[in-house]
């Protein structure tokens, strides 16, 4: 039996790992307060206490806009902390599994990004995540980095996903505006957790893009959420959605407009397609009801 320590234990992906079909592994979930990526001493104490064979780091500072203001804190959580964790794991022959983001790309390619494509972060969040993932990969050839995008799922207490945001706006009667020029791939956290556990069983190492199969714009994603929510009986009717460009929101932070990632490498390793996020959306909405 392997011991697996999972950081960010209160979060969305950790919940998906907690509720995944049981394995022979022993899982230890630690919250962000108990395993603080800005506190090397605390991290080391828990590594010594649990003595895991594998660490899955789901913790991150993912409030993208606030990364521009809280620059030191976000860098500590997204870059410096993972680097420390990766080095400590490597010293004791532990594998670290770390999650990164589609935002490491600048969107200039306009066709699905592969793992071999060069990264070009446009903002502080992306730069921190890229620095973190590269530090993890440098620390040991045994480590695994999974880049993902637009993660969503049901959670018993957290309501921070884009699906929640859209439905909350409907219930509060606020107008819906969504961008046509931001394109990526929604990823169902339950699927991401299942792929992660399968990669542990194989085992796998290196860099993979871990996303579902279908790319959409934010505008299309919003409309599909509304249509499925009507079908699930969560809202009586789908309100209109105004299509806008990203510039409409006047954000001071640069965002890439196209960050679709190819999941071909991961699908080939797992021997199956990674499936549509639409099934995941229906499952999530059924749980919300």
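Every read-out reported here was derived from the displayed coordinates using simple, explicitly stated rules and does not represent laboratory data. Computed from a prediction, not measured in an experiment: that's the story for all the values here. Here Cβ is always computed from backbone atoms with ideal geometry, including for glycine, and neighbour counts include all displayed protein chains.
The table below gives the values:
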quantity	calculated
Cα gyration tensor shape of the range 99-142, rounded if a/c is under 1.5, else prolate or oblate by comparing a/b with b/c	oblate
Per residue Cα convex hull volume in Å³ - calculated over the range 164-289	118
Between helix 189-201 and the chain: long-axis angle, C-alpha atoms, 0 to 90°, nearest 10	30
Relative frequency of Cα-Cα separations exceeding 19 Å in the range 16-135, percent	52
Least to most buried among 249, 28, 208 (fewest other Cβ within 10 Å first)	249, 28, 208
Cα centroid of the range 157-208 to Cα centroid of the range 66-81, whole Å	22
Cα coordinate range in the chain, projected on the principal axes (Å, largest first)	55, 38, 37
C-alpha center-to-center spacing [the range 1-40, the range 256-285] in angstrom	23
Reference-scaled alpha-carbon Rg (2.2 N^0.38 Å with N residues) for the range 217-289	1.44
Nearest 10 degrees, 0 to 90: helix 124-139 Cα axis against the chain principal axis	30
Residue-averaged [θ]222 nm for the chain, counting only DSSP H segments that reach four residues, each worth -39500 (n - 2.57)	-11000 deg cm²/dmol
Prolate/oblate/rounded label for the range 1-87 (Cα gyration tensor, a/c 1.5)	oblate
Relative contact order (%) - the chain, alpha-carbon pairs under 8 angstrom, separation at least six	19
Efficiency of FRET from Cβ geometry, residue 202 and residue 45, R₀ 35 Å, rounded to 0.05	0.70
Distance in nm between pseudo-label sites at residue 230 and residue 23 (7 Å out along the Cβ direction from Cα)	4.1
Gyration tensor verdict on the range 58-129 (Cα atoms; rounded if a/c is under 1.5, prolate if a/b is larger than b/c, oblate otherwise)	oblate
In nm, spacing of pseudo-spin labels at residue 165 and residue 38 (7 Å Cα→C-beta vector)	2.3
Label-to-label distance, nm, for residues given as residue 157 and residue 138 (7 Å Cα→Cβ offset)	3.6
Ranked 1, 43, 284, criterion: other C-beta atoms within 10 Å, fewest first	1, 43, 284
Fewest-first ranking of 149, 217, using other Cβ atoms within 10 Å as the exposure measure	217, 149
Quotient of Cα Rg and 2.2 N^0.38 Å for the range 43-91, N being how many residues it contains	1.31
Degrees separating the helix 218-231 axis from the principal Cα axis of the chain, which is the longest one	80
